[in-house]
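One structure is given below, encoded as C-alpha cells.
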Amino acid sequence: MKFAGIDVGSRTIALAVLDENDDMEYVIVDTGHQPLKICKELLREREFSGLIATGYGRHMVHAEFADDVITEIKAFALGAKALHPSCRTILDIGGQDTKAISIDADGGVKDFEMNDRCAAGTGKFLEVMAKALSYEIEDIGGAALSAPKPVKINSMCTVFAESEVTSLIARGEARENIALGLHQAICERTGSMLKRVGIVEGLVFAGGVAKNVCMQKLLKRKLGVNLLIPKEPQIVGALGAALYAKKS
Amino acid sequence: MADYCKMWESLGINLEAHDQLLNAIPPIYQQIFLDQINRPQAMSYFDMVVMEIHGLRIQELQEHKAKGGAVVGSFCVYVPEEIVLAAGGLNVGLCAGAEIGFDEAEKILPRNLCPLIKSAFGFKMSRVCPYFESCDLIVGENTCDGKKKAWEIMTEDVVPVYTMDIPQVKSEKGKELWLDEVKKFKEKMEEVSGKKIEVDELAKAIKLVNDKRRALQRLSNLRKNKPSPISGRDALLIEEIAFYDDNPRFIEKVNVLCDELEERIEKGEGSKKDAPRVMISGCPMVIPNWKLPFIIESSGASLVCEESCTGQRYFEDLVAEDGGSVGAQLEAIADRYLKIDCSCFTPNQERIDNIVKLAKEFEVDGVIYNVLQFCDPYAVEYRRVEKALEKEGISVLRIETDYGQEDSGQIKTRVEAFVEMIS
C-alpha cells in the first residue's frame, strides 16, 4: 500500500510517496511550461492507493489523476508537523508565494497569511535579483553572508527592485553588499507577515528559499527563535498531501 | 430577446462595444448561476431580468420618460429613492461593476483608484450603459475621498453630477446638515420633474420602498436556516437587481421566491448540510462582480449574509411611515438614511457592533472581509473589525482585489485554505 502527495508549485513539482512503514521516497523536478505533462511523466508506471494534489496546480492535477485536493496551507501544516513534531509556526517561501501559518498543538491550522497577487519577497524575487547581480541562485546567499556592509533596498516590487539594483551597480556598489540588502528586505517583509499570525517557538522554515544560508541567519536573528529546517525543505507540501492521502 | 438596437442607437450607445459587453455576460452567467444544481424555480424571474438587463428594463424606462417621468441615476445607498419616486421619477443604481472603458477612464483619473469609480466613468465614457444614457439627473454623494473628487471631474469633463453632501460624523450638527441635504434634494427633484412633492405621494413612496426592504429582509432572514435554502450568489444577485428593477414587480417576485424557500426549509433542502457558513463583509459587489462570492461557494462554503451596500446596508431599517406632513416625512427619511453604517463615518462603532451581531444571528463559521483595491475607508476599518471578531472567536480572512481575474488563483488558494480551517 503506497500513498502519494504531489505538490504542483510555480517553480517545482514535488512528489512524495509513503509506504506502509511511513518511509518516504521523493522526486523534485522543474515545473517548466507544461506542468501537466511533467506530472504525467512523474506518475507514469506508479500505482498508489491514494493520491492527493496540492499547490497552485492542484485542481488541474485533480481533474486528471488525483483523488482529491488540499490547499498548500493544510499540506504544509501536516508535513511540517510530521517532520518536526514540536512545530507550531511555519514559514514557507516558495517560488511565487510566501506563507506564514500558525498551527495548534494538534497540527490544525489556526491562522495564515499569504502574499496576494505579486511575487515580492519570494523565491522568484531572489532569482531575478541573482540574475541582475550575475550570481547563480545557489550562491547568492553565501555571497551575501560575506558582505561587509549591507545597502538598504527600498523596493519590494520585483520590477522596481531590479531597477534599484541596476542603479546601485551603476553607482559602483559591491554586489555582495547589494545581495545582503536584498536579503534584509525580504527578511523584514517576512518577519511582519509572521508577526501577524503570531510566532510561537517551533518555527519550521520550508520552501526553496529555506536552503539559503543568508536567509536562515537573518531570520533567526530578527525573530529571536531557532529555525527548524527540514532536510529537504521543498518536499514539505508533497509529504503533507501524502499523509492526508493515507489518513483519508 | 427582442431587437433593441434602435432603442440603443437612439440613446447614443456605442453598439459595437455594447455587443461585446452583452456577449460576455451569458457564458459567465451560465457558469456562475445557471449551472447550480437544485436552484429555486422562482429564480427564473431574476435570470430573465439579467438576460434583459439592457433590454426590457431600458424599454420600460423609455416608456416612463415618454409619459413625462424622470429617470435618476445614483451610485450609493444614501440617495433617498423615496424622494425620486414621490416626484414621479424612477431611481436606478448605475453600472460600476466591470472592467469596462478603463482605458478611457484612466485618461482623466489616476490608475490607482477604486475600480468602482473607474468603472462608473468607463461605462459612461465608452457609451455602453443605457441606464446612464437614460438619466435626467445623475446624483453623486460625498462619501469617500475618491468619489467626492471624482464627481468634480465627472461634472467638468463628462456629465453634470448633482452631489449630496454626507456628514462624516453622526453628531447633532451632522444630522442637521444631512436633513438639510435631504430637503435640498427634494427641491432638486421638484425642479427636475416640474412637480411639487406632496404628502400623499411621499407617503406612498415611503411605503413602497419599505415594502422592498421588507421583502429583502424576509429573504435575508430565511438564510438564517440551516441549511440555507438559497445559494449566496443567488441572494446577492437579487440584492443587486433591487437597485434597478421595477419596484412593485420586484417585491412580488421576491415574495414568491420566499414562499418557495419556506417550502424548501420544510423539506430541509438547500446548501450542503455540512458546508461551513460564511458572511462577506465590506465593499459593495455591483453587477456583474460575482468574483468573490463564486470563489467562496465553489470552495465548499455556504454564503449566508452580505454585510455590504449590496446587502444588509441596503435594506436594514425602515423609514417611519407615520409622518403627517412633508416636513415630518423628510425628517423620517433623513433619520433612516443616517443609520447606514458606511465606513466613511467616524467613529463607526455601529458597523463593528453590527458585524458581530450579524455573525452571531446567521451563525457563521467565518467572515470574509472584502476590500476593493484602493478603498481606504473599508481597508483601514478592517483592523477594528478583525479585533472585534477575534474577541468573539470568529475567524476572518481579508481579501483585497479588483475587477480583474488574474488574481483568482491566489484568492482561491486563500479562500479554500480558510474554508478548510473553519470546517
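Laboratory data are not the source of any read-out in this text; all were calculated from the coordinates shown. All values derive from a computational prediction rather than experimental measurement. Heads up, the Cβs are rebuilt from the backbone with ideal geometry, glycines too, and the neighbour counts pull from every protein chain shown.
Computed quantities for the displayed model
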{"read-out": "Label-point separation in nm, residue B:15 to residue A:152, each point 7 Å along Cα→Cβ", "value": "6.2"}
{"read-out": "Distance (nanometres) between label positions extended 7 Å along Cα→Cβ at residue A:63 and residue A:33", "value": "2.0"}
{"read-out": "Length released on extending from residue B:99 to residue B:361, taking residue separation times 0.36 nm less the Cα-Cα span", "value": "90.8 nm"}
{"read-out": "Once the Cα gyration tensor of region B:26-101 is diagonalised, semi-axes √(5λ) in Å", "value": "28, 15, 13"}
{"read-out": "Residue-averaged beta-carbon neighbours from other chains (10 angstrom radius) around A:72-78", "value": "3"}
{"read-out": "Likely footprinting exposure, A:62, A:33, A:183, B:18, fewest C-beta neighbours within 10 Å first", "value": "A:33, A:62, B:18, A:183"}
{"read-out": "Value of [θ]222 nm, deg cm²/dmol, for chain A, DSSP H segments ≥ 4, -39500 (n - 2.57) each, nearest 500", "value": "-12500 deg cm²/dmol"}
{"read-out": "Surrounding net charge for residue A:32, when Lys and Arg each add one and Asp and Glu each subtract one, Cβ distance under 13 Å", "value": "+1"}
{"read-out": "Mean projected area in nm² (Cα convex hull; one quarter of hull surface) for the protein assembly as shown", "value": "32.8"}
{"read-out": "In sequence order, calculated HN-Hα J values of region A:34-46 (Karplus, 6.51, -1.76, 1.60; Hz; x Gly/Pro)", "value": "10, x, 5, 5, 4, 4, 4, 4, 5, 8, 4, 6, 10"}
{"read-out": "Exposure proxy order (Cβ contacts within 10 Å, fewest to most) of B:315, A:205", "value": "B:315, A:205"}
{"read-out": "Cα pair distances in region B:118-169, grouped into 10 Å bins until the bin that holds the longest one, percent each", "value": "24, 56, 18, 2"}
{"read-out": "Alpha-carbon spread of chain B, three principal axes, descending order, Å", "value": "58, 51, 46"}
{"read-out": "Chain B - mean residue ellipticity at 222 nm from DSSP helices (-39,500 (n - 2.57) per run, n ≥ 4, rounded to 500)", "value": "-16000 deg cm²/dmol"}
{"read-out": "In region B:140-206, GluC sites (Glu not before Pro) in a DSSP loop with at most 13 other beta-carbon atoms within 10 Å", "value": "B:198"}
{"read-out": "Sorted by Cβ density within 10 Å, fewest first, the residues A:25, B:420, B:239, B:269", "value": "A:25, B:269, B:420, B:239"}
{"read-out": "Residues of type lysines that residue B:65 reaches as a straight line, Cα spacing below 26 Å, ignoring anything fewer than 8 places off in the same chain", "value": "B:6, B:124, B:183, B:184, B:186, B:188, B:195, B:196, B:204, B:207, B:212, B:253"}
{"read-out": "DSSP-loop trypsin sites (Lys or Arg not before Pro) across region B:114-207, with at most 16 other Cβ within 10 angstrom", "value": "B:196"}
{"read-out": "Student exercise, the protein assembly as shown dipole from Lys, Arg, Asp, Glu Cβ charges, in Debye to nearest 20", "value": "1660"}
{"read-out": "Sequence-separation-based contact order of chain B, relative, with Cα cut under 8 Å and 6+ spacing, percent", "value": "17"}
{"read-out": "Calculated FRET value between residue B:169 and residue B:148, using beta carbons and R₀ = 22 Å, to 0.05", "value": "0.90"}
{"read-out": "Cβ-based net charge around residue B:102, under 15 Å, with every Lys or Arg adding one and every Asp or Glu removing one", "value": "-1"}
{"read-out": "Rounded to 10°, Cα long-axis angle of helix A:175-197 versus longest principal axis of chain A", "value": "50"}
{"read-out": "Region B:1-77: GluC sites (Glu not before Pro) falling in loop per DSSP and having at most 12 other Cβ within 10 Å", "value": "none"}
{"read-out": "Nearest 10 degrees, 0 to 90: helix A:213-223 Cα axis against chain A principal axis", "value": "90"}
{"read-out": "Long pairs among A:99/A:220; A:81/B:272; B:107/B:149; B:226/B:357; B:147/B:339, criterion Cα-Cα beyond 25 Å", "value": "A:81/B:272"}
{"read-out": "Cα coordinate range in region B:273-402, projected on the principal axes (Å, largest first)", "value": "52, 32, 32"}
{"read-out": "Between region B:232-274 and region B:107-161, the Cα center-to-center distance that results, in Å", "value": "31"}
{"read-out": "Local net charge near residue B:33, Cβ-Cβ under 13 Å (Lys/Arg +1, Asp/Glu -1)", "value": "-3"}
{"read-out": "Cα-based convex hull volume of chain A per residue, rounded to whole Å³", "value": "117"}
{"read-out": "For region A:87-229, alpha-carbon Rg over 2.2 N^0.38 Å", "value": "1.03"}
{"read-out": "Relative contact order, percent, region A:131-182 [alpha-carbon distance under 8 Å, six or more residues apart]", "value": "52"}
{"read-out": "Given 12 as the ceiling on other Cβ atoms within 10 Å, longest exposed-site-free region of chain A for trypsin sites (Lys or Arg not before Pro) in DSSP loops", "value": "A:47-151"}
